[in-house]
Structure formats: C-alpha cells, structure tokens
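Notes follow the structure.
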Amino acid sequence: MKRCLLMFAAAAVFLLSGCSMASSGGTEVEGLMLIRTVGIDTQSGANAEKPARITVCTGVGLNQTPPKILSREDVSIAAAVENLKYNATGLEPFFSHTQQVLLGEAAAKNGFSAAMDWMLRSMEIRLDTELYAVRGNTAEAVLNGSEGTTTSVSDMLSLLRDTASATGEGYIYNCGEIASSLLSNGNALILAVELEETKVGAEGAGSGEVKPAGYGVICGDTLVGYTEPALSYAVCFLTNHLDAYTMQVTTEDGEYTLMLKNASAEYSPVFSAEGKLSRVEVALKTTCTVLQMESGANLVDEAVRETVAAAVQKVLEEDAASVIRSAVDMDVDFLDIGSACRRKAPGKYDAMPADWDEQFPVTEYSISADVQVERTYDLIHPMERQEDSTF
C-alpha cells in the first residue's frame, strides 16, 4: 500500500513539474500569450490573394493592462494562425484557453465551412468554444473596440454568456452544437453580436460594448439571414432554451411588468385521413410573476390575473408567429420543427407523401399559449389565507 502511494506521489510531482509547459514545443508559461477570443474574417478585392484574416485577443492583464490584440492574413485560416507565432511581442499565441470565436459577416456568408473545418480540426480549439456572428461588421472591428482600454471584448462576451439565456437575449451555441445541428438538420442558429460605440477616448480610440443582435441563420455553409433582436426571447422559447424573460404588457387596468419562467414549447403534427400533414400545433407554456404594476387592480382577484395572463398570451402567440414566419420566408427550419414532429409521430411522419423540406414552407402552424400568473404578492390587497389556495 505504501509503495502504491509513493508511486502516485512521484507521478503527481512529475506531472506538476511540467504544468508550466505548453503543448507546442514546451514553451514556458511566461512565454505564452493566452488567447481568449479569435476573430475570423474573409478578405476580397485587392486582398483576395490572402483571403483569410485572423485577429486574436487576450484578456485584461492582472495589473489592469489593456488586452493584447494581433492580426494576420494568409491564404487560409490555418496559415494565418501559424503566422501569428511570429510577432513583435515575442510571445507565442496559446489557443487552448480560447473561449469564443467571432465570425465576421463576410466570413459567415462566404467562408463558414472553412471556419468550421479549422475549428473542428484544431488540436487546441475545444468543441465547447462559443461561436458568434458579427452582424454587419468584421470580427476585427469588434475586437479592436477594446484596444487601449482596460475592458476586453472577451470579458464582455463572458458576461453575455452568463446572462443571455436568463434575460431572453439569446442562447449561445458552441462549436460542437452547431456542427451537430448542421450534420443532422443542414442548418444551425448562431448568436449574432454587434459593437455599440459608447465613447471616444482622448486619443481617438473607440470604446464600445458588445451586445446581442438577434440570431444568424446558417443553411448549408452560408449565412442566409438574421432574426429580429427583439424576438430573440421568442426564438429561445420556441427552441426550449429560455430560462427567464421580463415582459411588459398593458391591460385596461394599466401596465404590468412580469417575469416569465418555466417556458416550454411542444410541436404536434396533425394528419389527415389520407396521411397528409394538415397542420402543426405549437403549444407554448409558461408561468409568470408580476414584478411591478402601475394599476389599482386587485391581483388577488382571479379575474384580474386571468386578464393579465390573456395579455401575455397574446404577445407570446404573436411573437412566436413572427419567428415561424421568418423561418418560412427564409425557407429554413431553424427551429427544427420537423425533428420535433417526427419524434411525436414517427410512423405517420415517415409515411408523408411529401418530405419535410417541401412540406415546411406550406404547412399551417396553429399557435396557442398557456400562461399562468402565480405567486403574486399584493400589499395593497392582502391575500386571505385559504387552505386550498395556491396563492
């Protein structure tokens, strides 16, 4: 037993002694540039000979030094990444700590397959690395938005990751999830972001904030369009990725601010006697709590709560219809309704005369929302204790 413990201790000492060495050539940690965010852009025109441009960004230094930002261009993404090793800092880029990859709009439209191929083949980029599309701009422009400041785009994206699904701003898909969706469905969603300029520094350096900008819709190997940013919560709802969302509705009594939680969406195909798909019923379900009200209504009254629930129901059904309509307009089932219908009725689905790609844009979608207002505290009209009451 003592001999085994000594062997384990010796192995641990051996492993720990190499923890300051990187996988590439045994470079000391002090000689590494830990890359947190990678930006991929596609060049054309005068720069067509070197179509791939890579920009990398570190985090803010321990002593609050600005993040380091480097760019290189070459014939391919892999070649540009290799060229990053030769830079004026004397530090070797280390990608195993990369948390996010940004695709410029041109790269998402014309070089998406090349970017995915590099990420999936890379020995350092992990499958759980988050992937974003830059709406209407280059990845380099977004990463340079933090140049010379003590705020890193990497930190902004990390904060977005922690808050997006809890605020309804969007679900952040990683490389593995996007690759899996492309393989099984031929399409995928990717959260879009944009840089909102907030101020200009004394030396003219821009400083901005990275914000969600809807979803990019990938079909095959190209970006075909975006969803509306205001409907991101509805996309999350319809894909069962909504943790919480704050909504404001108005009734005859006044305005209400509510927190939606426990959101779920279910798709049920309805077939005719001949086996044809008649319609798809979309059932939304959520519970909500009133956070604030500008009304003198008595929330203890069940009729008042039902009125508020009806107002929420109307908004949910309209926004869900808008998202489905945008998918139909793009002719891309980015909500993966087809797979949900197949899971619900596999036999009838497989026996449909027309395949799903033909059926999707011409199918009727019936949307209904089940909304329950629960646990609403009201100090103006205190609730009476009732043993059978859930409020």
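When every residue of segment 237-244 is checked against the conditions, none turns out to be part of a helix (DSSP H, G or I), within 20 Å of C175 (Cα to Cα) and of a type in the set (A, V, I, L, M). Given G208, G214, which one is farther than 19 Å from M116 by Cβ, in contact with an Asp or Glu (Cβ under 7 Å, 6 or more places away or on another chain) and modelled with pLDDT of 95 or more? Among G208, G214, only G214 is farther than 19 Å from M116 by Cβ, in contact with an Asp or Glu (Cβ under 7 Å, 6 or more places away or on another chain) and modelled with pLDDT of 95 or more.
The set of residues from segment 51-75 being at negative phi and modelled with pLDDT under 85 comprises G59, V60, G61, L62, N63, T65, P66, P67.
With the condition kept exactly as written, say whether any residue in segment 263-284 is over 16 Å from D333 (Cα atoms), out of contact with any Gly (no Cβ under 7 Å at 6 or more places or on another chain), among the aromatic types (F, W, Y) and in the same structural domain as S339 (by TED's automatic domain parsing). So far as segment 263-284 goes, yes, one or more of its residues are over 16 Å from D333 (Cα atoms), out of contact with any Gly (no Cβ under 7 Å at 6 or more places or on another chain), among the aromatic types (F, W, Y) and in the same structural domain as S339 (by TED's automatic domain parsing).
Mind checking which residues of segment 328-337 are in contact with a helix residue (DSSP H, G or I) (Cβ under 9 Å, 6 or more places away or on another chain) and either of a type in the set (F, W, Y) or touching a residue at least 24 places away in the same chain (Cβ under 8 Å) (or both)? Residues satisfying the conditions are V328, D331, V332, D333, F334, L335, D336, I337.
The values are calculated or read from the model by the stated rules, or taken from the named source; none is laboratory data. Note that this is a predicted model, so its numbers are computed, not measured. Cβ: placed from backbone, ideal geometry, glycine included. Neighbour counts: every protein chain shown.
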